[in-house]
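See below for the structure under consideration.
The values are calculated or read from the model by the stated rules, or taken from the named source; none is laboratory data. Bear in mind that the values here come from a model prediction, so they are computed numbers and not experimental data. Note that each Cβ is placed from the backbone with ideal geometry, even for glycine, and that neighbours are counted across all protein chains shown. The area values use the complete protein model at the heavy-atom level, side chains included, leaving out ligands, DNA and RNA. Shrake-Rupley method; radii C 1.70, N 1.55, O 1.52, S 1.80 Å.
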Amino acid sequence: MAKSLVIVESPAKAKKIGKILGSDFVVDSSIGHIRDLPRNAAEIPTKYKGEKWARMGVDVENAFEPLYVVPKDKKAQVTKLKKLLKESDELYLATDKDREGEAIAWHLLEVLKPKVDVKRMVFNEITEDAIHNALENSGHLDQNLVDAQETRRILDRLVGYEVSPVLWKMVRPKLSAGRVQSPAVRIIVQRERERIAFVSASYFSIDAVFETAEREMFDAKLLTIDEKKIATGKDFNPAGELKSRKVVLLDEGAAEDLKQKLTGQPFSVTDVDRKPYTRRPKAPFRTSTLQQDALRSLRFSSSRTMSAAQRLYENGFITYMRTDSTTLSETALAAARNQVAGLYGNEYLHDQPRIYGTAKGAQEAHEAIRPAGDAFQMPTDVAKQVNSDEAKLYELIWKRTIASQMADAKGERVVVRIAGEATDGRATVFGASGLTITFPGFMRAYVEGSDNPEADLDDKEKHLPPMVEDDDVTAIKIDAVGHDTKPPARYNEASLIERLEELGIGRPSTYASIISTIQDRGYVWKRGAALIPSFTAFATVGLLEQHFSDLVDYEFTARMEADLDDIASGDTESRPWLRKFYLGNGSPGLAQMVVDRLGEIDARQVNSFPIGEDPDGHLIEARAGRYGPFLSRGEDTAPIPDDMAPDELTLEVAIELLNRPSGDKILGTDPESGLTVIAKNGRFGPYVQLGEADPADKKNKPKTASLFKSMEVDSLSLDQALQLLTLPRIVGVHPETGEEIQALNGRYGPYLKMGSDSRSLESEEELFTVTVPKAVEVFAQPKRRRGQSAQGPLKELGEDPDTKKPIVLKEGRFGPYVTDGETNASLRKGDTIENVSPERAQELLAERRAKLANK
């Protein structure tokens, strides 16, 4: 008997929906996209290989017709789906309810070519009611959404294939440009430029501790002297100058003098201002706010958050997690309000359902992210069914949803002014403020996380003792406190997402992948949570700003995003829009722009950043080299440390790096060749060299050998150097195969090589001692996978909250990594063996699992 076939994107989603629909339905998955533009030349069909546009995958001369191919790794699944379709009497396409999901459904139609009835199922949550309702109310594909997604894909391919080769030629190979990626990198680079230009200013404040007649103490700060405001950090501009002459700047001498002249003087309360305090709950989560709060509250990266949210959605615990909406359905409103009343009482329930406005530029037709169903599961119950990340994220979503329907927090804010006169007659006024929460309201359930503790202080309770006007108070302590203004904070993932959203760049489904991409491409690295741009990012952004300014212009990018949304709504046609963008209409399009401007680009200028002049007047520049950033001063060069942020590379630091001894050390003469043996510090570590290089002879370079990890240039002997220069060493011949066995020291450590086969050695010292019998024994062992090591752990980092297995830090063939025995995650730029913490190890493993799950 024929059954109905339901196709979704993922196996996990298929399994859950299959249980709901029962035996009358066959539910399977496409495992993501089944078709895409060709990723490389090998995927281009034979009949198109001669076409000049084939590598791009878009026929720009034929109405921008895309060339779609089924990747090799998807062909078996397509065959399986075709077989299932032959055995079915109707087809339900149940992919996600957004542009991406609509496109996957359309591609399935194009590839499977069904001869049975086809229906489109859409739902916002995977519960029995939602799935059966979607089945009963199935509809048709939204072609506008399909066109919108196809336009985005073609546009991204056009930008990537035209501009990325420019970056490969002018900056560094394997870089990429992107419609959202490049403006995101520019945002981070601009913040670093602000930090570089920032001039810190010093100022002093007068802080006091006062005591009332009832011997209750409170803190206060000096606000004015003779009715003139005391300068604080907010009164300085980025150049370190005061914005106004109407404020009084206290330096150390003036502050200490005033402190002495206020000590022991009488003070009295001149004003007590009491105002009611009200704080309303935030709207339920949308994708961007979930990512922001998960970082601030849980320290989850955006990719880690979205991976956990995907699993929660597919297993029926939350609604769809890619949304711009903050709306709750009538069912959800009732569920939330019932839970508030049951858990906290009616006094904590807002008098009517709260309805939140939709975010600016919202396009996704979904509900807010909330617990699934018409009765929300408690976090304690969900925690028994999911892993640690999913449990924490579900609790955050539950709290935010519940809080959104709760009463306002109420309280009283008090501001007090205290006056006193210095011994020299100057009138001073101190200020103190307090906040008392009289009714916590929604704060019983949830308080939004903050990545700026100082900004959050305004909403923390701070009690002041009872005071009225004319009360006498005593200053029991007065301090002169020094301060320095701080440069603007670097972006973290949360604040970058917030900024992208403010500018109208990107959409919910793109944020996590964009942040991962800019790190993977080497544009950005992390120090803690801060996103730091590399010198490669500076070079790339500078090139794009000078020669392809529209691609990193925020308003242009936002307009382009809005145009793509118009295509989704059917207000704009796709192909004419693409033609105008690529081929131009009255002004050059992208294709001609690349041709016209390629000859204008000065690669040296793009990759050079002036630092300043040394005392002798020589210009010092930082350069984004192909093999890493370095400093240049005439013929002198010096590598820039990998963990140095651009704003830390001051003129003083640059001079110090350039003036460091090169580390070259003449060890003696090789008795066989008569050549000098030199120990050097190179970009990839210390090494020894036999003889000097001849600049005129590019082919015959001196022999070199890397030092072992246990060796240092300063203590290296000539005998040790000569021994190193004997590598690679011929160990002997395999007794059975007759193949030659060599011992070599490679980029990833010591190893044995026999023909095309190789095996790692446990230590570098074995390179000189390993024998043929030992080598035969080593080759008889199975080859270890990448990252496997027989060495013990470098560090123990506690238990993984997901797998409950111990996390250890190990040194692998490709560098240090953390592992719980199941998943390995390499340390990233900015991580060191010394500073990696248990929390950071958990984050690296969770992100790695997320990437593997997505694959």
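Structure summary
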| read-out | value |
| --- | --- |
| Hits in region 272-323 (condition: small (Gly, Ala, Ser), within 30 Å of residue 412 (Cβ to Cβ) and in a helix (DSSP H, G or I)) | 297 |
| Every pair of residues 6+ apart whose Cβ atoms lie under 6 Å, when the first sits in region 636-650 and is over 17 Å from residue 613 (Cα atoms) while the second is part of a loop (DSSP other than H, G, I, E, B) and basic (Lys, Arg) | 639/683 |
| Single residue of 269, 340 found to be at pLDDT 95 or above and assigned to a strand (DSSP E or B) | 269 |
| Listing of helices (runs of 4 or more DSSP H) fully contained in region 74-172 that carry 3 or more residues being closer than 30 Å to residue 623 by Cα | 143-170 |
| Residues being open to solvent by 20 Å² or more (accessible area, probe 1.4 Å) and either within 28 Å of residue 573 (Cβ to Cβ) or of a type in the set (Phe, Trp, Tyr) (or both) - total across region 22-38 | 4 |
| Count of residues meeting criterion [more than 30 Å from residue 231 (Cβ to Cβ) and either in a helix (DSSP H, G or I) or more than 28 Å from the chain's Cα centre (by Cα) (or both)] in region 415-448 | 10 |
| Count of region 591-637 residues which are under 30 Å from the mean Cα position of the chain (by Cα), in a strand (DSSP E or B) and farther than 23 Å from residue 159 by Cβ | 12 |
| Tally of residues being in contact with a strand residue (DSSP E or B) (Cβ under 8 Å, 6 or more places away or on another chain) and open to solvent by 40 Å² or more (accessible area, probe 1.4 Å) across region 1-14 | 3 |
| Matching residues, region 733-755, being surrounded by fewer than 13 Cβ atoms within 10 Å (Cβ to Cβ), farther than 15 Å from residue 778 by Cβ and not charged (D, E, K, R) | 738, 748 |
| Listing of strands (runs of 3 or more DSSP E) fully contained in region 798-855 that carry 2 or more residues being closer than 26 Å to residue 759 by Cβ and open to solvent by less than 30 Å² (accessible area, probe 1.4 Å) | 806-812, 815-819 |
| Lone qualifier among 189, 185, 199 - being of a type in the set (A, V, I, L, M) and part of a loop (DSSP other than H, G, I, E, B) | 199 |
| Check on residue 309, under 22 Å from residue 383 (Cα atoms), buried (at least 23 other Cβ atoms within 10 Å of the Cβ) and small (Gly, Ala, Ser) | yes |
| Residue 679 in contact with a Lys or Arg (Cβ under 7 Å, 6 or more places away or on another chain) and open to solvent by less than 60 Å² (accessible area, probe 1.4 Å) | yes |
| Any pair with Cβ under 8 angstrom, 6 or more apart, that starts in region 2-27 at a residue that is touching a residue at least 40 places away in the same chain (Cβ under 8 Å) and within 15 Å of residue 320 (Cα to Cα) and ends at one that is buried (at least 17 other Cβ atoms within 10 Å of the Cβ) and among the acidic types (Asp, Glu) | 8/28; 9/96; 10/314; 12/314; 13/314; 16/314 |
| Flag if residue 481 is surrounded by fewer than 18 Cβ atoms within 10 Å (Cβ to Cβ) and either touching a strand residue (DSSP E or B) at 6+ places or on another chain (Cβ under 6 Å) or without any contact (Cβ under 8 Å) to a residue 60 or more places away in the chain (or both) | yes |
| Selected residue (criterion: farthest from residue 692 (Cα to Cα)) from residues of region 703-732 that are small (Gly, Ala, Ser) and surrounded by fewer than 18 Cβ atoms within 10 Å (Cβ to Cβ) | 732 |
| Subset of region 572-590 [open to solvent by less than 80 Å² (accessible area, probe 1.4 Å) and in a loop (DSSP other than H, G, I, E, B)] | 572, 587, 589 |
| Residue pairs meeting the criteria (Cβ under 9 Å; at least 6 apart or on separate chains; first free of Cβ contacts under 8 Å to residues at least 24 places away in the same chain, in region 118-141; second open to solvent by 30 Å² or more (accessible area, probe 1.4 Å) and among the charged types (D, E, K, R)) | 139/119; 140/119 |
| Test: residue in region 151-169 that is farther than 30 Å from residue 541 by Cα and surrounded by 21 or more Cβ atoms within 10 Å (Cβ to Cβ) | no |
| The listed residue being part of a strand (DSSP E or B), farther than 28 Å from residue 502 by Cα, touching a residue at least 12 places away in the same chain (Cβ under 8 Å) and open to solvent by 40 Å² or more (accessible area, probe 1.4 Å), out of 347, 412 | 412 |
| Among (1) open to solvent by less than 10 Å² (accessible area, probe 1.4 Å); (2) modelled with pLDDT of 95 or more; (3) under 25 Å from residue 510 (Cα atoms) - the single one residue 81 does not satisfy | (3) |
| Search result, residues across region 232-258 that are over 40 Å from the mean Cα position of the chain (by Cα) and outside any loop (DSSP other than H, G, I, E, B) | 247, 248, 252, 253, 254, 255, 256, 257, 258 |
| Candidate set: region 533-571, residues that are part of a loop (DSSP other than H, G, I, E, B) and charged (D, E, K, R); chosen: the one least open to solvent (accessible area, probe 1.4 Å) | 553 |
| Strands (runs of 3 or more DSSP E) wholly inside region 647-759 that include at least 1 residues being in contact with a Pro (Cβ under 8 Å, 6 or more places away or on another chain) and among the aliphatic types (A, V, I, L, M) | 676-682, 685-690, 740-746 |
| Near pairs, Cβ below 7 angstrom, 6+ apart or cross-chain, from region 179-204 (within 10 Å of residue 538 (Cβ to Cβ)) to any residue that is of a type in the set (S, T, N, Q) and assigned to a helix (DSSP H, G or I) | 185/540 |
| Failed condition for residue 44, given (1) surrounded by fewer than 17 Cβ atoms within 10 Å (Cβ to Cβ); (2) over 17 Å from residue 14 (Cα atoms) | (1) |
| Scan of region 202-231 for residues that are charged (D, E, K, R), assigned to a loop (DSSP other than H, G, I, E, B) and either open to solvent by less than 70 Å² (accessible area, probe 1.4 Å) or under 19 Å from residue 260 (Cα atoms) (or both), ordered by number | 226 |
| Per-region count, region 171-196, residues at pLDDT below 95 and either of a type in the set (D, E, K, R) or open to solvent by 20 Å² or more (accessible area, probe 1.4 Å) (or both) | 4 |
| Test: residue in region 397-416 that is over 24 Å from residue 277 (Cβ atoms) and either hydrophobic (A, V, I, L, M, F, W, C) or in contact with a Ser or Thr (Cβ under 7 Å, 6 or more places away or on another chain) (or both) | yes |
